[in-house]
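K.L.:
The structure's right below; bear with me while I get my questions together.
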Amino acid sequence: MDLRIKNFGPNIALLKDIGVPQSRISFLVTNMPSTACSKHYKFSKVVNEVKEMGFNPTQTVFVKAVGVINQLKESVWESKFKVYRRWGLSEDEILTAFRRFPYCMQISEEKITKAMDFLVNKMGRLSRDISKMPEVLCYSLEKRIAPRCLVI
């Protein structure tokens, strides 16, 4: 038996035990199958981390956060934190951004820097304002952010 399949059952059982609805489990399995099949001890650790961060297990953002943390190495997580700190965000503001949009930690450091530079230095926005709507960092700077901001 493949080890990944062996981990799948206990991982799903853990999610059910903490109250994750079937629809959210289905989302995880469909969109992040490697996370659903990751090693059980690592999966348990990640699930506990996400719960400690204040995520609600009944919401989709919970399984998104589990997927993001499961996929990122700790060194990458720390380097993303450093990038956000360079833009003046506190740890609480970074975690707030992560709670709102977990994928903000998967954006490349270069893309974060370019978008923050444009929004903070050219448009005069505050970094903390951007942390309240971190999904804007995923948008294309050239095709979406700049054209819309330049109209303003």
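Quick note: the coordinates plus some simple rules give every number you see, no bench work behind them. Predicted model, so just to flag it, every value in this text is computed and none were measured. All Cβ positions, glycine included, derive from the backbone under ideal geometry; neighbour counts span all protein chains shown.
K.L.:
Order 134-142, 63-71, 116-124 from most to least packed using the mean count of other Cβ atoms within 10 Å.
P.N.:
Going by the mean number of other Cβ atoms within 10 Å, highest first, we get 63-71, 134-142, 116-124.
K.L.:
Let me ask another. With an 8 Å Cα cut-off and a minimum separation of 6 or more residues, compute the relative contact order for segment 3-71 in percent.
P.N.:
38
K.L.:
Under 8 Å for C-alpha pairs, at least 6 residues apart: give me the relative contact order for segment 74-151, rounded to a whole percent.
P.N.:
Relative contact order comes out at 34 percent.
K.L.:
Report, in listed order, any pair from 42/64; 64/111; 80/132; 82/111; 73/114 with a Cα-Cα distance greater than 19 Å.
P.N.:
Check vs 19 Å cut-off fails for 64/111; 73/114.
K.L.:
Further, regarding this structure: Taking N as the number of residues in segment 3-71, what value does Rg over Cα atoms divided by 2.2 N^0.38 Å take?
P.N.:
It is 0.94.
K.L.:
Obtain the radius of gyration and the Kirkwood radius of segment 87-152 from its C-alpha atoms and give Rg over Rh.
P.N.:
Here Rg/Rh amounts to 0.94.
K.L.:
If you don't mind, there's one more thing I want to ask. From Cα pairs below 8 angstrom and at least 6 apart in sequence, can you work out the relative contact order of the chain, rounded to a whole percent?
P.N.:
About 18 percent, as a whole number.
K.L.:
Also: Using only the Cα atoms of the chain, what do you get for the radius of gyration and for Dmax, in Å?
P.N.:
Rg then Dmax for the chain, in Å: 17.2, 58.
K.L.:
Taking every pair of alpha-carbon atoms in segment 40-91, what share in percent sits in each 5 Å bin, from 0 to the bin with the longest distance?
P.N.:
Binned Cα distances yield the sequence 4, 20, 22, 23, 19, 9, 2, 0.
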